[in-house]
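The values are calculated or read from the model by the stated rules, or taken from the named source; none is laboratory data. Everything quoted here is computed from the prediction, not taken from an experiment. Please note: Cβ atoms are built from the backbone with ideal geometry, for glycine as well, and neighbour counts cover all protein chains shown. The area values use the complete protein model at the heavy-atom level, side chains included, leaving out ligands, DNA and RNA. Shrake-Rupley method; radii C 1.70, N 1.55, O 1.52, S 1.80 Å.
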Amino acid sequence: MLALPLIAAKPVLVVSDGVPIQILAVQLKAKGIPSETVTQESLPAKLATYPAVLVYVHAVLADAAEKAFINYANSGGKLIVLHHSISSQKRNNPEWLSFLGVKLPEGDVSEGGYKYYDPINLTVVNLAPKEWITNHDVHWESRTEYHGEDRDSVDLPATEVYINQVLDGPRTLLLGLKYRDQKSGAMYLQDTAGWYKKAGKGWVMYFMAGHSGKEFEDPVYSQILANAVNFKP
């Protein structure tokens, strides 16, 4: 799907409990996107006025924040979920995971169980060469083999990867992950590093990388996130 950028007259809202998100705020500002950052405990009473809401929360979501994010998207907002906003802590937020259409299976990773690895070197792969988000002003750094195809990619060092997130329901896949576990030798190629989907009258997007904050300084990844903010489906 192609789209023209939406230039926000108002700042986007970033909801965070982690310092790394400050790096993203700097990158967004450099691309002409103002933002304001709050914690989930200090959410504005109304989110509908924000052109996009970005969620970067490691802890369990508070009930009020969980409901506010879901209502915002379902009512027509653009909710952008980052990194550990889908992680094992969110098993305590079943409504959140159901809303996102994501399952985090229990059990050993070799049998399909969810697991995270960090710090690791991660290759992020472009699954959508015709999508505006992954291509507008994005200058991919390299190419890599992914499920037998040669695809645009970028290497993100010293980050964190989530293995065996299970996606339930239709969505547009944007980014895949390629990671080899040095201990077991297992190679993981999974279509879960970036996507977007309809949510009620609005949209929800997810981008996995962002553990150290350095990922947000990568010119490829920072441009993809800026495109996500500006994207108007």
Point to revise | Full-extension gain in nm, residue 31 to residue 150, via 0.36 nm per residue minus C-alpha separation | key: 39.9 nm
Check your understanding: Using helices alone, what [θ] at 222 nm do you get for the chain, with -39,500 (n - 2.57) per DSSP H run of 4 or more residues, divided over all residues and rounded to the nearest 500?
Key -> -5000 deg cm²/dmol
Point to revise | Cα gyration tensor category, rounded, prolate or oblate, for the range 59-173 with a/c compared to 1.5 | key: oblate
Revision key, fill the gap. For the chain, the Cα-Cα pair-distance distribution in 10 Å bins from 0, as whole percents, is 8, 35, 40, 16, 2
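Counting other Cβ atoms within 10 Å, keep those with at most 12, restrict to DSSP loop, and tell me which trypsin sites (Lys or Arg not before Pro) in the range 29-101 are left.
The qualifying sites are 46.
Given a 1.4 angstrom probe, what's the average accessible area per residue across the range 69-109, in square angstrom?
Value returned for the range 69-109: 36 Å² of accessible area per residue.
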Point to revise | the range 46-110 versus the range 175-189: alpha-carbon centroid distance in Å | key: 25
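Quick check for you: with a 1.4 Å probe and neighbouring chains kept, what is the accessible area per residue of the range 7-59, in Å²?
So the range 7-59 comes to 50 Å² accessible per residue, rounded to a whole number.
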Review point. Which FRET efficiency value, to the nearest 0.05, do you get for residue 116 and residue 75 by plugging their Cβ-Cβ distance into 1/(1 + (r/R0)^6) with R0 = 35 Å?
Key: 0.65
Point to revise | Selection from 189, 199, 175, by position along the positive dipole direction of the range 175-221 (Cβ) | key: 199
Review point. Averaged per residue, what accessible surface does the range 134-233 expose to a 1.4 Å probe, in Å²?
Key: 42
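Trypsin sites (Lys or Arg not before Pro), restricted to the range 110-151: which are DSSP loop and have at most 16 other Cβ atoms within 10 Å? Walk me through the intermediate numbers first.
Values: sites: 115, 130, 143, 151; in loops: 130.
For trypsin sites (Lys or Arg not before Pro) across the range 110-151 that sit outside H, G, I, E and B with at most 16 neighbouring Cβ atoms in 10 Å, the list reads 130.
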**Study point:** Cβ-placed point charges (K, R +1; D, E -1), dipole of the chain about Cα centre in debye, nearest 20
**Key:** 780
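Cα gyration tensor of the range 101-233, axes a ≥ b ≥ c as square roots of the eigenvalues: rounded (a/c below 1.5), prolate (a/b > b/c) or oblate?
oblate
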Point to revise | Projected label distance in nm at residue 103 and residue 168, using a 7 Å step from Cα toward the beta-carbon | key: 0.6
**Study point:** Rounded to 5, the percent of DSSP beta bridges in the chain classed as antiparallel
**Key:** 65
Point to revise | Carbon plus sulfur fraction of accessible area for the range 87-233, probe 1.4 Å, in percent | key: 47
Point to revise | Charge dipole (debye, nearest 20) of the range 27-138; +1 at Cβ of Lys and Arg, -1 at Cβ of Asp and Glu | key: 340
